[in-house]
1. Just to check your reading of the model, which residue among L285, L332 is closer than 30 Å to A185 by Cβ, surrounded by 17 or more Cβ atoms within 10 Å (Cβ to Cβ) and either touching a helix residue (DSSP H, G or I) at 6+ places or on another chain (Cβ under 9 Å) or modelled with pLDDT of 90 or more (or both)?
2. Just give me the residues in region 137-156 being crowded, with 16+ Cβ neighbours inside 10 Å, β-branched (V, I, T) and either closer than 28 Å to R231 by Cα or touching a Pro at 6+ places or on another chain (Cβ under 9 Å) (or both), in sequence order.
3. Filter region 295-311 for residues that are out of contact with any helix residue (DSSP H, G or I) (no Cβ under 6 Å at 6 or more places or on another chain) and in a strand (DSSP E or B); which is surrounded by the fewest Cβ atoms within 10 Å (Cβ to Cβ)?
4. Taking the condition of being surrounded by 15 or more Cβ atoms within 10 Å (Cβ to Cβ) and part of a strand (DSSP E or B), how many residues in region 429-451 meet it?
5. Would you say T248 is at pLDDT below 95 and either surrounded by 15 or more Cβ atoms within 10 Å (Cβ to Cβ) or not in a strand (DSSP E or B) (or both)?
6. Answer yes if at least one residue in region 254-274 is outside any strand (DSSP E or B) and touching a residue at least 24 places away in the same chain (Cβ under 8 Å), and no otherwise.
7. Evaluate region 361-373: report whether one residue or more is hydrophobic (A, V, I, L, M, F, W, C), at pLDDT below 85 and not in a loop (DSSP other than H, G, I, E, B).
Amino acid sequence: MRRPTYRASAAALLLALTIAVPAVEAASDEEIFRDFPFNFTNPGARALGVGGAFISLADDSTAAQANPAGLVMLRRPEFFAEFNSQSYDTSEVQVTATIASPFFQGDLTASAASMPRTGVNPTFLSYVLPFKKVSLGFSRFETLNVQTRTTNSFSIVGIEAIVAIDPTSGDATIIGTQPVDFLLASEADLDARVTQYNFAAAFELGSKFSLGLTGVLGTADLDGGADNLFRDSSGGGNFPVLTLDYATRIDDTDTDFVYNVGLLWRPAGWMNIGAVYRKGLRFVLQETVLDEGVRAAEARDLYGRTFDNVLHIPDSYGVGLSFRPADPWTILIDVVRVEYSDLMDGFLSGLNRITFPETRLDFTVDDGTEMHVGVEKIFLSGTTPVALRLGAWSDPDHRIRAERATNEFVPVFPEGERVTHYTAGFGLTLKQSIQLDFAADVSDVDTTAVFSTIFRF
């Protein structure tokens with residue numbers, strides 16, 4: 001019986017075929033890992049309306065996330081709630097390439113489609129209690145809430161290596177070659193959520209400086225599975241219809257504790273300067289290789305019956321400037337550096353259906369810089385303060401890509417591109433106790449609408 005050589009991986013398969021959540025030890029070269037839409041913008045419709053530039057202003061209860069040092073500017077207890085609706089464009093990728101590697105020589109056609117489901121979610125809740133020189137805050141921030149279905153298909157025609165897998169080391173040894181004409185397919189579903197609980201404290205350091213510290217307890221909950229199938233398209237094989245190759249399942253949770261640090265300097269009444277550092281959460285979640293499928297035993301030999309996926313959110317740090325050139329106007333600028341290179345810690349190549357089992361391929365990703373700019377104008381409509389806001393921000397390329405100098409799969413794993421977001425919003429304050437804000441963020445890849453409200457006691 002002719003059997004296809006092992007070209008697909010079980011390691012990180014579920015995550016890899018569902019959402020682009022970059023991981024650490026189990027991060028791989030599989031397509032969906034390489035382009036997760038991280039969102040480091042600050043919570044709240046007010047911040048979103050000015051392009052997410054809020055590090056230096058941070059004068060409401062979202063400061064627990066944006067810059068905890070700003071909490072000292074609150075004079076009354078506040079309760080804050082944000083509701084977010086984010087809609088992603090369905091992602092479709094088509095690649096055609098000629099590959100010449102030790103394990104495969106021939107033509108490759110690949111396609112992938114991701115269909116995320118969207119909804120309205122209460123993404124940020126917070127309560128702040130200010131004292132004379134100290135302010136305390138508690139908040140809940142939903143940094144990831146994704147339900148998605150992904151389908152991948154690969155057509156390979158050429159000469160493929162026949163490999164033997166050492167069950168102890170997982171090394172692959174070429175023992176022969178064979179002509180192939182295969183269709184490979186994957187179908188995966190995932191429900192993933194990451195929630196963080198922030199405990200913040202801010203301290204006045206004189207009349208112009210303040211310091212803020214936030215302890216962050218994060219939880220990750222992943223539930224889903226992936227089925228991998230293949231078909232011999234040559235007309236003479238033993239698998240003329242799509243047949244289960246192997247399958248994986250994940251249903252696990254994990255927690256982590258990290259910290260944020262913020263500083264705020266008010267050199268003049270019309271100017272603020274802020275800085276913040278955010279440590280990224282890191283989660284370890286277990287995935288299972290099922291006993292079902294033609295090559296389930298080979299998958300278990302290579303990765304074990306269970307293996308760890310590590311979900312690591314990169315560290316980030318930023319500085320911000322806000323100033324009022326005239327009373328109704330505030331201009332805000334933030335620069336945020338995101339250490340996307342954290343994603344390469346323990347990165348595993350050779351897990352993609354296309355690259356298996358070439359574990360020595362080089363992949364890379366660059367750290368990125370986000371630029372946020374915005375403007376806010378406040379005026380009175382009768383006796384009601386009204387704010388109008390405009391902004392923009394740039395999201396740098398953070399797709400894990402093949403290293404051009406050492407990797408023949410560059411056409412299959414290309415770099416991404418920077419995405420520019422445009423934002424607008426408005427808000428009003430009722431009786432100095434209730435603040436209502438609305439904002440929208442539009443780009444080529446997604447659209448976000450946010451409503452938030454503040455109750456002051």
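The values are calculated or read from the model by the stated rules, or taken from the named source; none is laboratory data. Note that the structure is predicted; figures quoted are calculated from it, not measured. Heads up, the Cβs are rebuilt from the backbone with ideal geometry, glycines too, and the neighbour counts pull from every protein chain shown.
1. L285
2. V146, T148, T150, I156
3. Checking each candidate, the answer is T306.
4. Here the count works out to 13.
5. yes
6. The answer is yes, given that some residue of region 254-274 is outside any strand (DSSP E or B) and touching a residue at least 24 places away in the same chain (Cβ under 8 Å).
7. yes
Rundown of residues vs (1) polar (S, T, N, Q); (2) assigned to a loop (DSSP other than H, G, I, E, B); (3) within 30 Å of V241 (Cβ to Cβ); (4) out of contact with any Leu (no Cβ under 8 Å at 6 or more places or on another chain), yes/no style:
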site: I156; (1), (2), (3), (4): no, no, yes, no
site: T177; (1), (2), (3), (4): yes, no, yes, yes
site: F182; (1), (2), (3), (4): no, no, yes, yes
site: E204; (1), (2), (3), (4): no, no, no, yes
